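The structure appears below as structure tokens.
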Amino acid sequence: MKKKRSLTVGNGSGRVHFPIRNKILTLAAAVALPFLVLVVYLLFSMGSYSRTYDKIVSDMTIANNYNLNFKEEMDESLYKLVVGYVTFDNVSENETLKDPYMLIRELRGEFTKLNDITAEGESKVWLESLLRNIDTLENRVDDIAKSVREGGRYSENIDELDNNIYILTELIQDDIQYYIYYQTRNMEEVTNKLNQQISRFIIVCSVMTVGLVLIIIATTVRITSRILQPIKALRQAAARVTMGDFSARASVSSQDEMEELADGFNNMAKNIESLISKVKEDEQRMRRADLRLLQEQINPHFLYNTLDTIVWLIEGNEADQAVNMVVTLSNFFRQVLSKGKEFISIREEEQHISSYLKIQKMRYPDILEYDINLDRVIYDYQILKLTLQPLVENALYHGIKYKRAKGRIHITGEKDGGQIRLRVWDDGVGMEEKELEQLRREIQKPCQETEKGFGLANVNERIRMYFGPEYGMTIDSQKGKGTRVEIVIPAVRADQGQSTEGGDAGNEMQESFL
């Protein structure tokens, strides 16, 4: 099985006949290409119209320039030539006048070009009339030039101006205006054609858009379903695995990367399933070893000293106190053993701590006072066995005894939202800041690696192991004023998280928080 998997992954595309990339590109092409065709068509139409429009505007600009200036410049220049103000030889040197022959050449050149490129019929008729009039005008200018050079014919030249030149320039101006008029009409026709094209384009575009949208929707649904269906199957399988069903498998036959991914997921789920089974077996063994470790944590000196105290009471003829201590000691060990359970109710933990403190109170009546104030609301919530006893023992032996005077241990607990907060504090000797910081670091380590505070580190490690890193222990202390330890655990009722059989309780509790 592993060999087959490695071949599939190694090939990369050995089983990929229709890659997701190709499917996405197909979808993109189906969406983009039709609209690209429409855009190209629109750009082509607009470009053609723009070129035609620009050509007409350019032609009209040229014609309009001559329409405004030609007659005035020609009439003025010829009149001053006739009256002798200038001669044909020096007319071009005058800044306010222009050589008539130069004006005629420029006019003929520009309108010859326009005649060659103009296709509209009416405009072309007036251009041809204009060119004929230019030729006639040039002949009349030749007559005036000849007459001026010969001299003595002033009246005839004036008549020539009035009867021919001015009329010809007027006709040329009319020709230009008619040309501009028909070009303007041509521009309107071009605009109308463009509007018709735009209207047709809008209709065609609307029809094509509706058709394309339907095609795109169908194509998109088909392609996306081929992409999303395997993802959905893989997501459902992953959700089942997340819920703890490691037998879930994703069935995908899309012949793309998702099929390879599903195969990898199935192999992973299979491996996790076998690993979880092995981890559960290891946890069972670890819990049994942990239970033995906790039992070994019970200080033998506590048992020896308690038995010695019982012997002294019997020898001192204080049989009632001896019997009371034996009963209390029996209750203490009954709670310690707890039928092999790892989780007990907070009510049982309180009984265990009460038995422990009663025994210590009998042993140290002159230095120990205590009170237990647990909110009854939390009695039916569960707690890891032997959570509070190491804290109380630490408060007694490292806080109260070193005080050399009577001290008090306070134990409180209440429910805070979805959490249980338990506190053990004493008014013993307390700790310096440096010593407190060292202890805080120690309890964050695995208990096997601690140099001091083994019991506290053990409690903190067990809480975080079963409930998560957001739960555990905090310590505050001040030299000469005492120490306060707070335990935070999740609020889980005892009948929800524990089994009556030994090792199964911890397993169920741990699984509920993993």
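The values are calculated or read from the model by the stated rules, or taken from the named source; none is laboratory data. All of these numbers come straight from a predicted model, not from anything done at the bench. Counting neighbours? That spans all protein chains shown, and the Cβs are built from the backbone with ideal geometry, glycine included. Surface accessibility is based on the protein's heavy atoms, side chains included, excluding ligands, DNA and RNA. Shrake-Rupley method; radii C 1.70, N 1.55, O 1.52, S 1.80 Å.
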| Meets criteria (surrounded by 13 or more Cβ atoms within 10 Å (Cβ to Cβ) and in a strand (DSSP E or B)) for Arg462 | no
| Residue list for the range 89-132, restricted to those being touching a residue at least 40 places away in the same chain (Cβ under 8 Å), assigned to a loop (DSSP other than H, G, I, E, B) and either open to solvent by less than 30 Å² (accessible area, probe 1.4 Å) or among the β-branched types (Val, Ile, Thr) (or both) | Thr118
| message | Every residue in the range 465-476 that is in a helix (DSSP H, G or I) and either free of Cβ contacts under 8 Å to residues at least 60 places away in the same chain or open to solvent by 40 Å² or more (accessible area, probe 1.4 Å) (or both), please. | response | Met465, Phe467
| What residue, of Val204, Val141, is out of contact with any Cys (no Cβ under 7 Å at 6 or more places or on another chain), without any contact (Cβ under 8 Å) to a residue 12 or more places away in the chain and either among the aliphatic types (A, V, I, L, M) or not in a helix (DSSP H, G or I) (or both)? | Val204
| query | Would it be correct to say that Ser254 is modelled with pLDDT of 75 or more, small (Gly, Ala, Ser) and out of contact with any Leu (no Cβ under 8 Å at 6 or more places or on another chain)? | reply | no
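Quick check on my filter: what residues within the range 402-449 are among the basic types (Lys, Arg), open to solvent by 60 Å² or more (accessible area, probe 1.4 Å) and within 21 Å of Val377 (Cα to Cα)? It would help to see each step written out before you state the result.
As a first pass, look at the range 402-449 and keep what is among the basic types (Lys, Arg): 403-404, 406, 408, 415, 421, 423, 434, 440-441, 445.
From what's left, open to solvent by 60 Å² or more (accessible area, probe 1.4 Å): 403-404, 406, 408, 415, 434, 440-441, 445.
Of everything in the range 402-449, just one residue is among the basic types (Lys, Arg), open to solvent by 60 Å² or more (accessible area, probe 1.4 Å) and within 21 Å of Val377 (Cα to Cα), namely Lys415.
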| query | Would the range 37-58 turn up any residue that is assigned to a helix (DSSP H, G or I), among the acidic types (Asp, Glu), surrounded by fewer than 16 Cβ atoms within 10 Å (Cβ to Cβ) and modelled with pLDDT of 75 or more? | reply | no
| remark: Taking the range 246-277 and the residues there that are touching a residue at least 24 places away in the same chain (Cβ under 8 Å) and in a loop (DSSP other than H, G, I, E, B), the one that is nearest to the chain's Cα centre (by Cα) would be Asp256
| request: Determine which single condition Glu435 fails, assuming it passes every other condition in (1) part of a helix (DSSP H, G or I); (2) at pLDDT 85 or above; (3) in contact with a strand residue (DSSP E or B) (Cβ under 6 Å, 6 or more places away or on another chain). | output: (3)
| List, please: which pairs have Cβ atoms under 7 Å, are six or more places apart or on different chains, and start with a residue in the range 343-362 that is over 18 Å from Tyr397 (Cβ atoms) and open to solvent by 50 Å² or more (accessible area, probe 1.4 Å) and end with one that is among the aromatic types (Phe, Trp, Tyr) and at pLDDT 85 or above? | Arg347/Tyr379
| task | Tell me which residues, restricted to the range 477-501, are surrounded by 15 or more Cβ atoms within 10 Å (Cβ to Cβ), modelled with pLDDT of 75 or more and either more than 39 Å from the chain's Cα centre (by Cα) or of a type in the set (Lys, Arg) (or both). | result | Ser477, Gly482, Thr483, Arg484, Val485, Glu486, Ala494
| task | Hey, can you tell me all the residues within the range 377-398 that are over 21 Å from Ala491 (Cα atoms) and open to solvent by less than 10 Å² (accessible area, probe 1.4 Å)? | result | Val392, Ala395, Leu396
